[in-house]
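Below is one structure, written out as structure tokens; comments come after it.
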């Protein structure tokens, strides 16, 4: 198992290097002088020169790239122009909200994706199957900002069950009641992201339910619930885990919109704020962090495969 | 295609809804009851009534007219992004599959680009472009959705490349250009059309999200996402301002997804289990 994990870890190094190269050159694509663009039209030449020096833009390109790589490996993502603090600290301040939101949303995705997917496969070609498929398709078609506002209208304005916006730290205050701020955002994110999980769970289960070992289990008189949950689901799990991990990574992307709708102080909202304020070092830092998380999620998925199907680790 | 749609009723519904929205968008100058840009503060935030079927917004503009004109923007963005990302993605995918050494580098870069969620990549590209405009939104989303298309095209082209007819074409001396355009591309076209339909739906959602976040087209231009963003602060007193534009985004995307599903089943049953 250790050899398998090491192989997977080594495999992400080139991709990580390319991610860092892309984020480095992305900032250099800004037409004109990035320092002048960041400071706006009223900046004096001295200010522009000072920022150029601070960002290392006055150095040769390869020196800039080398320093940038060293900085990133030390965990230094640069200095935010708009927020006047290190980007790493800025992100750390926002991580709790996004982390808890992703966890709660993943729970919703699981509940709305996996059991309905299994049910649709078991009840294939019945009205239950058709209804669940349409429900999943609807989830994939709703814009998250609109669904969020509709949920807010229904469950925060008309029937005031949950707060409309904001978030108060759970870790700092120790108050679990603060999770109520995440109910509507999680439902929004969870519903729009569960569609693919539900559809893929259904198709994987349909495939597995036709296998000989399922037929054998049934003919031996094994209870149907056991056939489905133990024999079929475990063998259908790999595609489900794959799409679930992609969905988890996708939550970070949808969170950009959802955090803005519910005014949650998370990483997604920071992306929008830094884009609106043209805070390029923060955008660059956030892109590195998000891509890194994506690669880590992929790595965890690969490791999960090996646990689900031991044949994979010997391949 | 119509035979396929006729067999798949949900696909037919999707096609009819899409065609109706396209028709309404084309005929917007003739069927819109009011000028979508005309401000009239004396009738601001009126609920749906006979004169204004969808009500009016905070500037007294007719929401139905703005929804009709907004359909134009959504459709233009959706189709343009689908075309751009399709062309870029299929180009990169085929070249990578056919020229293995170049492909190795291109696909690694593609994998790295896929590590960035599409909307975040599009946001970063828009920040770099600096000026918010329809062209920039289309280019940013087109680039953001291209890696996914490239991955699909690459996988399919790799398989087709090993078929006997490609080998036969090489044996009779066909050049790379001829093999790519006459033998590889036509055999890819069905799954690419299916993927393009879904990309179009995603692009409409993506551009509406960018407009909602205030980084898309300029706010005075009637766009469904921007209309929801402008109206959100009036959610308690005038929910119709956000209900109608959001509903039409959902309807258009749902229609494209239904159509995409039907086309997938008809054109490429192998892809059925993937989506």
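Are any of the residues in segment A:93-114 outside any loop (DSSP other than H, G, I, E, B) and more than 20 Å from the chain's Cα centre (by Cα)? Let's see the steps before the verdict.
Let us first name the residues in segment A:93-114 that are outside any loop (DSSP other than H, G, I, E, B), namely A:93-114.
Applying the additional criterion that residues be more than 20 Å from the chain's Cα centre (by Cα) yields none.
No, segment A:93-114 contains no residue that is outside any loop (DSSP other than H, G, I, E, B) and more than 20 Å from the chain's Cα centre (by Cα).
Do we have residue A:135 as part of a helix (DSSP H, G or I), closer than 30 Å to residue A:19 by Cβ and touching a helix residue (DSSP H, G or I) at 6+ places or on another chain (Cβ under 8 Å) here? When the stated conditions are applied, residue A:135 does not pass them.
When segment A:92-128 is filtered for residues that are without any contact (Cβ under 8 Å) to a residue 40 or more places away in the chain and either within 25 Å of residue B:14 (Cβ to Cβ) or within 13 Å of chain B (Cβ to nearest Cβ) (or both), the ones remaining, listed by number, are A:119, A:123, A:125, A:126, A:127, A:128. Within segment B:174-194, restricting attention to residues that are more than 15 Å from residue B:162 (Cα to Cα) and touching a residue at least 60 places away in the same chain (Cβ under 8 Å), the residue that is surrounded by the most Cβ atoms within 10 Å (Cβ to Cβ) is B:194. Taking the criterion of being within 10 Å of chain B (Cβ to nearest Cβ), surrounded by 15 or more Cβ atoms within 10 Å (Cβ to Cβ) and part of a helix (DSSP H, G or I), the residues of segment A:16-52 that qualify are A:16, A:18, A:19, A:20, A:21, A:22, A:23, A:26, A:27, A:34, A:37.
Determine which member of the set A:263, A:306 is surrounded by fewer than 23 Cβ atoms within 10 Å (Cβ to Cβ), in contact (Cβ under 8 Å) with a residue 40 or more places away in the chain and on the phi > 0 side of the Ramachandran plot.
A:263
If you filter segment A:152-182 down to residues that are in a helix (DSSP H, G or I) and within 11 Å of chain B (Cβ to nearest Cβ), you find that the one that is surrounded by the fewest Cβ atoms within 10 Å (Cβ to Cβ) is A:158. Return yes when residue A:13 is part of a helix (DSSP H, G or I), within 14 Å of another protein chain (Cβ to nearest Cβ), out of contact with any helix residue (DSSP H, G or I) (no Cβ under 6 Å at 6 or more places or on another chain) and loosely packed, with under 11 Cβ neighbours inside 10 Å and no when it is not. Criteria met by residue A:13. Is it the case that segment A:68-91 has a residue that's farther than 30 Å from residue A:300 by Cβ, more than 12 Å from chain B (Cβ to nearest Cβ) and in a helix (DSSP H, G or I)? No, segment A:68-91 contains no residue that is farther than 30 Å from residue A:300 by Cβ, more than 12 Å from chain B (Cβ to nearest Cβ) and in a helix (DSSP H, G or I). Once segment A:246-265 is narrowed to residues that are more than 11 Å from chain B (Cβ to nearest Cβ) and part of a helix (DSSP H, G or I), the residue that is farthest from residue A:194 (Cα to Cα) is A:248.
What number of residues within segment A:205-245 are more than 14 Å from every other protein chain (Cβ to nearest Cβ), part of a helix (DSSP H, G or I) and farther than 30 Å from residue A:291 by Cβ? Residues that pass the stated criteria total 20.
Does residue A:188 fit the bill of being farther than 23 Å from residue A:126 by Cβ and surrounded by 13 or more Cβ atoms within 10 Å (Cβ to Cβ)?
Numbers: farther than 23 Å from residue A:126 by Cβ: yes; surrounded by 13 or more Cβ atoms within 10 Å (Cβ to Cβ): yes.
Yes: the conditions hold for residue A:188.
In this entry, residue A:191 is excluded by the filter for residues that are at pLDDT 85 or above, in a helix (DSSP H, G or I) and within 16 Å of residue A:265 (Cβ to Cβ).
Scanning segment A:266-287 for residues that are surrounded by 24 or more Cβ atoms within 10 Å (Cβ to Cβ) and either touching a strand residue (DSSP E or B) at 6+ places or on another chain (Cβ under 9 Å) or in a helix (DSSP H, G or I) (or both) yields A:267, A:268, A:270, A:271, A:274, A:275, A:280, A:282, A:283, A:285, A:286, A:287. Scan segment B:132-148 for residues that are surrounded by fewer than 24 Cβ atoms within 10 Å (Cβ to Cβ) and either under 19 Å from residue A:282 (Cα atoms) or modelled with pLDDT of 85 or more (or both) and the total you get is 8. Selection of helices (runs of 4 or more DSSP H) fully inside segment B:119-235 by the criterion of at least 1 residues being more than 14 Å from every other protein chain (Cβ to nearest Cβ) and either under 23 Å from residue A:290 (Cα atoms) or in contact with a helix residue (DSSP H, G or I) (Cβ under 9 Å, 6 or more places away or on another chain) (or both) returns B:134-161, B:164-171, B:185-213.
The values are calculated or read from the model by the stated rules, or taken from the named source; none is laboratory data. Note that the coordinates shown come from a computational prediction; the quantities given were computed from them, not determined experimentally. A quick note on method: Cβ atoms are made from the backbone with ideal geometry, for glycine too, and the neighbour counts reach across all protein chains shown.
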